[in-house]
Each structure stands twice: as C-alpha cells, then as structure tokens.
C-alpha cells in the first residue's frame, strides 16, 4: 500500500498550466508597475535623456540624434532587465520570497518566466516611446536647407516690387 502523502500529484492540463504562467506574469508586471521607485525612472529616464541630449542640445546633427537614439534604446532595454529582473530576484531571495514561491503550487518556471516577461514588456514600452519621439521629431525637424530658405524669404523671380532684376555690372567689368 502506497502512502497517499508520497504519491505524485496529477499532472495539470496544458491550458491550466498556461493560465498559471500568464497570471504570474500579469501580476509581476502590475507589481513592478505599481512600484514608483522602479517604474518611474525606468520608463522616464531613457525618453527624457533622448529628448534632452539627442534632440534639444544636439545642434541639428542627424547622425548624433540617430546614435543617441540607438544608445538610449539599449539603455532602455537593459534597465528593466538589470534592475527589474536581476536586482528584483536578489532582493526577493534576501527577504525569503523565493522560499515561499518554491512551496507555492505553481509550475517551477513560472517565477522566472514572469520576471522575464515583465522585463520584456517594460523594454518594449520604452522602445516604443523612444521610437514615437524620434518619428515625431523627424517629421517636424527643420533641415539645414530649410533654414537658409527661411532666412532669405520666399523665392521670387523678380524684385519684390514686381520689376525684373537688373544686372548691376557695367560694360567695364565693375561688379557691384
């Protein structure tokens, strides 16, 4: 006779297991989103730095703006991974949450998958915000040729009073 307490539990159906993974990921994302010490700097710093250094203080260099877009995109993707995943796991381990998660009736990979999903969602949000800022700036950017035309005024064929433009050179070659 087999002791019932030592018997293996029945396997969960695939749909139930998938629902557990999805719920754990959802609640991990909401938990981190509701933590202002993580969510605000993670979501606001990369777009704020890109606006400040990539667009406002850039002095019109398109190459610098593209380079800074790439660097702040990498910064925005790495921040949730380092601080949300790595530091979060270390803090939860120190506080004893990992021991509690191990005895919880959930699949063993749900904890790590939820952390990874949270980091990927934050990274996607940051990249989307940076891309929207870049596209809006490119549509409304004044190009160097546009600045020269704006200083000269409208392009006309004749003088502003309607008369044809006369050449001021005399026959002797005096150019004025």
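What number of residues within segment 1-56 satisfy the criterion of being more than 20 Å from residue 97 (Cα to Cα), assigned to a loop (DSSP other than H, G, I, E, B) and modelled with pLDDT of 90 or more?
Residues in segment 1-56 being more than 20 Å from residue 97 (Cα to Cα), assigned to a loop (DSSP other than H, G, I, E, B) and modelled with pLDDT of 90 or more: 0 in total.
Evaluate the following for residue 21: is it closer than 19 Å to residue 109 by Cα, touching a residue at least 24 places away in the same chain (Cβ under 8 Å) and exposed (fewer than 13 other Cβ atoms within 10 Å of the Cβ)?
So residue 21 does not fit the description; no.
With under 20 Å from the mean Cα position of the chain (by Cα), surrounded by fewer than 16 Cβ atoms within 10 Å (Cβ to Cβ) and closer than 30 Å to residue 141 by Cβ as the only criterion, which of 49, 53, 69 stands out?
After ruling out the rest, the residue left standing is 53.
State all residues of segment 59-75 that are in contact with a helix residue (DSSP H, G or I) (Cβ under 8 Å, 6 or more places away or on another chain) and closer than 16 Å to residue 135 by Cβ; if no residue qualifies, say none.
Residues satisfying the conditions are 65, 68, 69, 72, 73.
Quick one: which residue in 107, 80 is in a loop (DSSP other than H, G, I, E, B), in contact with a helix residue (DSSP H, G or I) (Cβ under 7 Å, 6 or more places away or on another chain) and at pLDDT below 95?
From the options 107, 80, the qualifying one is 107.
Return the only residue of 79, 90, 99, 62 being exposed (fewer than 14 other Cβ atoms within 10 Å of the Cβ) and under 24 Å from the mean Cα position of the chain (by Cα).
62
The values are calculated or read from the model by the stated rules, or taken from the named source; none is laboratory data. Because the structure is a prediction, the values reported are computed rather than measured. We place every Cβ from the backbone using ideal geometry, glycine too, and count neighbours over all the protein chains shown.
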